[in-house]
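The structure appears below as structure tokens.
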Amino acid sequence: MIALHDAALSYGERTLWRGLTLHVAAGEFLVVLGSNGSGKTSLLKVLLGLQRLSAGTVTVNGRRPRRGSDLVGYVPQHKSVPPHTPLRARDLVRMGIDGHRWGPWRPQGETRRRVEDVLGDVGAAQFADVPVELLSGGELQRVRIAQALATDPRILLCDEPLASLDAEHQQTVTELIARRRRTHNTAIVFVTHETANVLPHADRVLDLAAPHDSAALPA
Amino acid sequence: MNLHEIWGEIFNFADYGALLSLVRNSLIAGAVLGLVGGLAGTFVIMRDLPFAVHGISELSFAGAAAALLLGTSVAGGSIAGALVAAGLIGVLGAKARDRGSVIGVLMPFGLGLGVLFLALYKGRAANKFGILTGQIVAVDTPRLSWLLATSAVVLVCLAVMWRPLSFASLDPDVAAARGVPVRALSAVFMLVLGLAVAVSVQIVGALLVLALICTPAAAAVRVTASPVLMPLLSASLATVSVVGGILLSIGSSIPISPYVTTISFLLYGVCRAAGAVRTRRGWTARRPDTVPT
């Protein structure tokens, strides 16, 4: 699903990582560790097509990564939503399907049913109509996972989805993502600091903390 | 002046029918402005830009004052000033952290320039006052055409970028990952906002644009979080404020702005109260029918 070969990323003089060769197969759960500034988020940006490698090659689903692919889902770090946002949980999920398209919102039965389905899948149906700014942190992360899954991606990229959640919610969110891998054979790349809850699910761990030659180690 | 006379100054409905026909252009302009202000306001609230709106309107005022002094088109001057301000705020204040200080620096400069131009201007005092506090009698047909054309540009731009702009306002990172051109949209929206401010300045005046571009949307978001109903409600509230303000003010010699601002403030109060009731009745209530996994 994901293939990096001898990849390197530098910003000016500073090399975040180099010599990174990595293959992630369908249904594999890869945990990415590393201190702040070690280039974990940048790795996800490369896979999302938002950042180009300084050297080496990368393919996602056999092609060069491109922005906005329906085959790649992205769960961002937990961040509170701006106040006074006229959107409900269901609207946030819908954005994952057609929020990037031009034009105003249009009612579409098919989209609506898809939104209901994924909300149900992550156990978020009961707060589907609650304004996003009134959701708790754990609820919001569930909805963000539903948003990332809305296009039925084959790869799920998670950028510290557990940050600023309490232990219980960390566990629920991790379970949700791990279950997705089991039920849909989705490849997971999970960037995190919270090893306790996540490592039990991991197939492999990529530690970017080492300043140079990074390697994927078995968990 | 006793209270009765003051009241008579504020509300005077003598010869109402005859006056009404004189302000036909203004009523059309007011209705369109309500639509523009209410819809643009939706994003002003989402993106936390009320201060930017105020900053743009002060530079728009400076542009209008310069045009007045030079004897050129006041509408053109206010649009030029607004676009310059919106462009500067968009470029220098792209990061939310920097934006406040950039606007705080631009705003007094713009006001100062405007005061300078007005001080040099030797024409009618009503013209001067009008740019700051609004005027309705001055909407002649060429000016109305200007206003309608500019408003049409704003409305078309907003309609085209509505969904991706909502996405980018809520979650810029995720929107970018989904292929939304976040930075370009942000820049284009600032320019569209500049146009919306410029047309509003010409009716409600530079000092009170926020009553049209911020208050109705802030009121609407208190009562609904539906991405479709909220902008519709916001546009309706703004239209009621402007058209109602015009209808109340035509008999008096007072500028239109206090009528508009008072109506829009009262509507905000009503919406806040309604929102409080809705919250107490359980806006945040979770449906019990499904059990979280």
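The values are calculated or read from the model by the stated rules, or taken from the named source; none is laboratory data. Note that the coordinates shown come from a computational prediction; the quantities given were computed from them, not determined experimentally. Every residue, glycine as well, gets a Cβ built from its backbone with ideal geometry; the counts of neighbours run over all protein chains shown.
General remarks:
- Residues of the stretch A:72-94 that are in contact (Cβ under 8 Å) with a residue 12 or more places away in the chain, assigned to a loop (DSSP other than H, G, I, E, B) and at the interface with chain B (Cβ under 9 Å from one of its Cβ atoms): A:PRO76, A:GLN77, A:VAL81, A:PRO82, A:PRO83, A:HIS84, A:THR85, A:PRO86, A:LEU87.
- The residues on offer are A:HIS100, A:HIS78, A:HIS84, and the sole one that is out of contact with any strand residue (DSSP E or B) (no Cβ under 7 Å at 6 or more places or on another chain), surrounded by fewer than 24 Cβ atoms within 10 Å (Cβ to Cβ) and on the phi > 0 side of the Ramachandran plot is A:HIS84.
- Against the conditions (1) without any contact (Cβ under 8 Å) to a residue 60 or more places away in the chain; (2) part of a loop (DSSP other than H, G, I, E, B), A:GLY27 satisfies every one except (1).
- Scanning the stretch B:163-172 for residues that are outside any loop (DSSP other than H, G, I, E, B) and buried (at least 20 other Cβ atoms within 10 Å of the Cβ), we see that the one that is nearest to the other protein chains (Cβ to nearest Cβ) is B:PHE167.
- Whenever a residue of the stretch B:1-17 is assigned to a helix (DSSP H, G or I), its partners that are at pLDDT 80 or above and among the hydrophobic types (A, V, I, L, M, F, W, C), lying with C-beta atoms within less than 8 angstrom and at least six residues away or across chains, give the pairs B:GLU9/B:ILE254; B:ILE10/B:ILE254; B:TYR16/B:ILE250.
- Picking from residues in the stretch B:90-127 that are under 15 Å from B:PHE61 (Cβ atoms) and within 20 Å of the chain's Cα centre (by Cα), the one that is surrounded by the most Cβ atoms within 10 Å (Cβ to Cβ) is B:GLY114.
- Per the listing B:ILE79, B:ILE56, B:ILE28, the residue uniquely away from chain A (no Cβ under 14 Å), within 19 Å of the chain's Cα centre (by Cα), surrounded by fewer than 21 Cβ atoms within 10 Å (Cβ to Cβ) and at pLDDT 90 or above is B:ILE28.
Residue-by-condition table, conditions (1) touching a residue at least 60 places away in the same chain (Cβ under 8 Å); (2) part of a loop (DSSP other than H, G, I, E, B):
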position	(1), (2)
A:ASP117	no, no
A:GLU133	no, no
A:ARG142	no, no
A:LEU162	yes, yes
A:THR172	no, no
A:LEU176	no, no
A:ILE188	yes, no
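- Qualifying residue in the stretch B:207-221 (condition: in a helix (DSSP H, G or I) and touching a Cys at 6+ places or on another chain (Cβ under 7 Å)): yes
- Residue identified as out of contact with any helix residue (DSSP H, G or I) (no Cβ under 8 Å at 6 or more places or on another chain) and within 14 Å of another protein chain (Cβ to nearest Cβ) among B:ALA184, B:ALA220, B:ALA175: B:ALA184
- Selection count, the stretch A:48-71, where residues are more than 10 Å from chain B (Cβ to nearest Cβ), on the phi < 0 side of the Ramachandran plot and touching a residue at least 24 places away in the same chain (Cβ under 8 Å): 9
- Which numbered condition A:VAL118 misses (of (1) surrounded by fewer than 21 Cβ atoms within 10 Å (Cβ to Cβ); (2) farther than 21 Å from B:MET46 by Cβ; (3) more than 14 Å from the chain's Cα centre (by Cα)): (1)
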